[in-house]
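Each remark here refers to the structure printed beneath this line.
The values are calculated or read from the model by the stated rules, or taken from the named source; none is laboratory data. Model, not experiment: these values are computed from the prediction. Don't worry about glycine lacking a Cβ; one is built from the backbone with ideal geometry, like all the others, and counts go over all protein chains shown.
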Amino acid sequence: MSKKEKAEKAKKQKKLSAEVAAQNGKDQPAAIEAPKKLKTKVYEEELAKLQIELVKLQEWIKFKGLKVVVIFEGRDAAGKGGVIKTITQSLNPRVCRIEALGTPTEREKTQWYFQRYVARLPAAGEMVLFDRSWYNRAGVERVMGFCSDDEYSEFLRSCPEFERMLVRSGIILIKYWFSVSDEEQERRFQARIHDPTKRWKLSPMDVQSRSKWVEYSRAKDEMFKYTDIKQAPWYVVNADDKKRARLNCIRHLLSLIPYEDLTPEPIELPPLPDKSGYVRPPITDQTFVPEVY
């Protein structure tokens, strides 16, 4: 065998070994080039404008007694929690609250499926942001086998009517699906592994779900087929760029609820009263937090 033939054979063998290793999950993930991100300065300037508008929307919701539900769904690491945090940063938690339900209790498992979500719907003058929602049944429960075929089929039948009922009752129901590519999701998983402040976000369930991209895609397609209804349509957010996704989602949310500016006029504070009659107790009588910084 000539040197050329040997080199060609070695090249083919190396390629085959790499393919086998990839199939067995033994290869390390290749570096994935991240898409060009929105500049921080531009993001912060635009976000500041939108957050002012969110405060206006909040005041309008209070004034008109609106009941608003916003659902955030999407794959793991799609950025749902990030946009929710961004929305609530400047808002009153008594008006806008977050609901992120965990695994149902044994008692809740015996209830009507939607029951524990109904208990967390808004009263007049409130906005509730669901970080995942009743759509768990159409997603993770379906893919991971946490519900039966009959339970899944019943959900697809009853969910559209449940949402129509909410809308007829006066609730403004808005549904967002955060769409992230498999490459970007993998990049975010890797980032979470190496960041101690984010490692808690990567659960054992996330790791199991990581190998079921196609199954989740099919489940999402089926979910949209049945639940993308006129009264409560799905809005898809391109979430490969977190900052762009947040800005686009917030801007779209503001466009869906007509509101007026009820921002209170600046208050003119009166002069402070005389404090000469007060004597501060000795510092030694109180326990202070150590000033380490």
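Checked against the criteria, L256 counts as touching a residue at least 40 places away in the same chain (Cβ under 8 Å), touching a strand residue (DSSP E or B) at 6+ places or on another chain (Cβ under 9 Å) and surrounded by fewer than 16 Cβ atoms within 10 Å (Cβ to Cβ).
Scoring P122 on the criteria (1) surrounded by 11 or more Cβ atoms within 10 Å (Cβ to Cβ); (2) farther than 14 Å from I171 by Cβ leaves a single failure, condition (2). Residue check: is I98 of a type in the set (V, I, T), closer than 24 Å to S181 by Cβ and either modelled with pLDDT under 95 or surrounded by 15 or more Cβ atoms within 10 Å (Cβ to Cβ) (or both)? Judged against the criteria, I98 is not a match. Of the helices (runs of 4 or more DSSP H) lying entirely inside segment 83-163, those carrying at least 1 residues that are touching a Lys or Arg at 6+ places or on another chain (Cβ under 8 Å) are 106-109, 140-144.
Just one of the numbered conditions (1) among the aliphatic types (A, V, I, L, M); (2) in contact with a Phe, Trp or Tyr (Cβ under 7 Å, 6 or more places away or on another chain); (3) exposed (fewer than 15 other Cβ atoms within 10 Å of the Cβ) is not true of M165: (2). Identification of helices (runs of 4 or more DSSP H) wholly contained in segment 175-293 with 3 or more residues that are more than 16 Å from the chain's Cα centre (by Cα) and charged (D, E, K, R) yields 182-194, 213-227.
The residue pairs whose first member lies in segment 117-137 and is over 18 Å from T227 (Cα atoms), whose second member is part of a strand (DSSP E or B) and acidic (D, E), and whose beta carbons are closer than 6 Å, counting only pairs six or more residues apart or on different chains, are R120/E99; V128/E99. Considering the conditions (1) modelled with pLDDT under 95; (2) loosely packed, with under 10 Cβ neighbours inside 10 Å, T263 is excluded by exactly one of them, (2).
Can you find a residue that is surrounded by 14 or more Cβ atoms within 10 Å (Cβ to Cβ), touching a residue at least 24 places away in the same chain (Cβ under 8 Å) and farther than 19 Å from F72 by Cβ anywhere in segment 230-238? Scanning segment 230-238, I find no residue that is surrounded by 14 or more Cβ atoms within 10 Å (Cβ to Cβ), touching a residue at least 24 places away in the same chain (Cβ under 8 Å) and farther than 19 Å from F72 by Cβ, so the answer is no.
Restricting V55, V95, V69, V118 to residues that are within 17 Å of the chain's Cα centre (by Cα) and either more than 24 Å from A239 (Cβ to Cβ) or among the β-branched types (V, I, T) (or both) narrows the list to V69. Given the structure, is Y176 closer than 20 Å to G102 by Cα and out of contact with any strand residue (DSSP E or B) (no Cβ under 7 Å at 6 or more places or on another chain)? It is false that Y176 is closer than 20 Å to G102 by Cα and out of contact with any strand residue (DSSP E or B) (no Cβ under 7 Å at 6 or more places or on another chain).
Yes or no, residue by residue, for (1) under 17 Å from C159 (Cβ atoms); (2) touching a Gly at 6+ places or on another chain (Cβ under 7 Å); (3) at pLDDT below 95:
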position: A48; (1), (2), (3): no, no, no
position: K56; (1), (2), (3): no, no, no
position: W60; (1), (2), (3): no, no, no
position: R107; (1), (2), (3): no, no, no
position: F114; (1), (2), (3): yes, no, no
position: G125; (1), (2), (3): no, yes, no
position: W134; (1), (2), (3): yes, no, no
